[in-house]
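Presented below is the structure to which this report refers.
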Amino acid sequence: MTILNIAVAGCTGRMGKVLLEMIDEAPDLRLSAALEQKNNPFLKKDAGELIGAPCGIAISSDIASALNGSDILIDFTRPAGTLTHLALCREAGIKMVIGTTGFSAAEKEILNTASKELAIVFAPNMSVGVNVLFKLLEVAASSLLNEYDIEIVEAHHRHKVDAPSGTALRMGEIIAQTLKRDLGKVAVYGREGVTGERSAETIGFATIRGGDIVGDHTAIFAGTGERIEITHKASSRKTFAVGALRAARFLATRSTGLFDMQDVLGLR
Ligand SMILES: NC(=O)C1=CN([C@@H]2O[C@H](COP(=O)(O)OP(=O)(O)OC[C@H]3O[C@@H](n4cnc5c(N)ncnc54)[C@H](OP(=O)(O)O)[C@@H]3O)[C@@H](O)[C@H]2O)C=CC1
Ligand SMILES: O=C(O)C1=N[C@H](C(=O)O)C[C@H](O)C1
């Protein structure tokens, strides 16, 4: 069996810890580095202690040295962190699975450029369910065409820092593309006051933040006399981590290119 050496950035974060658990359980994967920011209180501690299974890999902020001996870096951090890691991975020729959300269009372009030199899977949601939902949205939008008002609602835990979620934005992009609309022109991010009537072409986004909600997404197609709601609810971060590890295994067969979970799951 070929063993893949996996580095985890943001290893003490919510996703980082679940990834450590799942790598520990996978016979074909080995944790090769556990990365954190300079002021992180867990630096130098054994990464395995975070999951009750010491493994001899010390948490490090010296990313370049720690990446030595890694095949793939899995990154669920923040855009600034991911872009720093990307620059170092480009130098070292290490592939990346990027789950971080909240990138600007210009930052996404940096990922695109880097993918000419290294293989990257970049996806706002690594769960199988959400990626199937993306396909269902294409079917719904192309069948219902312009007769239905489209609204996207997402709910996440109180700690989430970006809104709307990366997944909600991708849902909007898929629907807009299917209906040949420009999301930049038709998106409405929240409403307040005397807004006037809804314009037919708009795609509305509503954001809920609270408690420990792992991640809920709904697309509403509201017509006259009926509406369709397509919902995904994540109840465990394991679903994202399983997807990220599938993406890592997929990258083992690629040398360059920008991929998403539709590619990994064969849903394109
Ligand atoms: N694609 C997908 O399927 C999913 C994507 N996500 C996305 O993943 C990201 C992380 O989510 P989550 O784990 O909940 O977040 P957390 O805040 O729990 O974890 C983020 C981790 O990244 C570290 N970090 C923050 N900023 C930087 C930086 N500039 N450089 C290096 N490391 C940094 C944090 O360290 P410190 O504590 O020291 O700040 C922390 O360890 C978010 O963008 C989220 O939207 C989440 C779930 C699924
Ligand atoms: O921050 C989170 O937690 C999540 N973020 C992703 C997003 O922004 O779409 C995916 C998932 O819903 C969890």
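The values are calculated or read from the model by the stated rules, or taken from the named source; none is laboratory data. On a predicted model such as this, the values are computed, not experimentally measured, just so you know. Here Cβ is always computed from backbone atoms with ideal geometry, including for glycine, and neighbour counts include all displayed protein chains.
What to note about this one:
- Any hit, the range 227-242, residues being surrounded by 18 or more Cβ atoms within 10 Å (Cβ to Cβ) and in a loop (DSSP other than H, G, I, E, B): yes
Residue-by-condition table, conditions (1) part of a helix (DSSP H, G or I); (2) in contact with a strand residue (DSSP E or B) (Cβ under 6 Å, 6 or more places away or on another chain):
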residue: Ile23; (1), (2): yes, yes
residue: Ser32; (1), (2): no, yes
residue: Lys38; (1), (2): no, no
residue: Leu50; (1), (2): yes, no
residue: Gly56; (1), (2): no, no
residue: Asn68; (1), (2): no, no
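- Checking each residue in the range 71-120 for being within 23 Å of His156 (Cα to Cα) and among the polar types (S, T, N, Q) picks out Thr77, Thr82, Thr100, Thr101, Ser104.
- Residue list for the range 74-132, restricted to those being within 13 Å of ligand 1 (Cβ to nearest atom), part of a helix (DSSP H, G or I) and of a type in the set (Ser, Thr, Tyr): Thr82, Thr84
- Of all residues in the range 11-28, those satisfying the criterion of being aliphatic (A, V, I, L, M) and more than 10 Å from ligand 1 (Cβ to nearest atom) are Leu20, Met22, Ile23, Ala26.
Residues are listed down the side, and each one gets a yes or a no for (1) more than 11 Å from ligand 1 (Cβ to nearest atom); (2) farther than 15 Å from Arg237 by Cβ; (3) at pLDDT below 95:
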position: Ala9; (1), (2), (3): no, yes, no
position: Arg30; (1), (2), (3): yes, yes, no
position: Leu43; (1), (2), (3): no, yes, no
position: Glu49; (1), (2), (3): yes, yes, no
position: Cys55; (1), (2), (3): yes, yes, no
position: Ser65; (1), (2), (3): yes, yes, yes
position: Asp71; (1), (2), (3): yes, yes, no
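- Any chance Gly129 is closer than 24 Å to Ala234 by Cβ, within 12 Å of ligand 2 (Cβ to nearest atom) and in contact with a Pro (Cβ under 8 Å, 6 or more places away or on another chain): no
- The residue pairs whose first member lies in the range 137-160 and is more than 18 Å from Arg227 (Cβ to Cβ), whose second member is outside any helix (DSSP H, G or I) and of a type in the set (A, V, I, L, M, F, W, C), and whose beta carbons are closer than 6 Å, counting only pairs six or more residues apart or on different chains, are Ala155/Ile208; Ala155/Ile213; His156/Ile213; His157/Ile213.
- Every residue from the range 23-41 that is buried (at least 21 other Cβ atoms within 10 Å of the Cβ) and either farther than 16 Å from Gly56 by Cβ or within 16 Å of ligand 2 (Cβ to nearest atom) (or both): Glu36
- For Glu154, the conditions (1) within 16 Å of ligand 2 (Cβ to nearest atom); (2) part of a helix (DSSP H, G or I); (3) buried (at least 18 other Cβ atoms within 10 Å of the Cβ) are fulfilled apart from (2).
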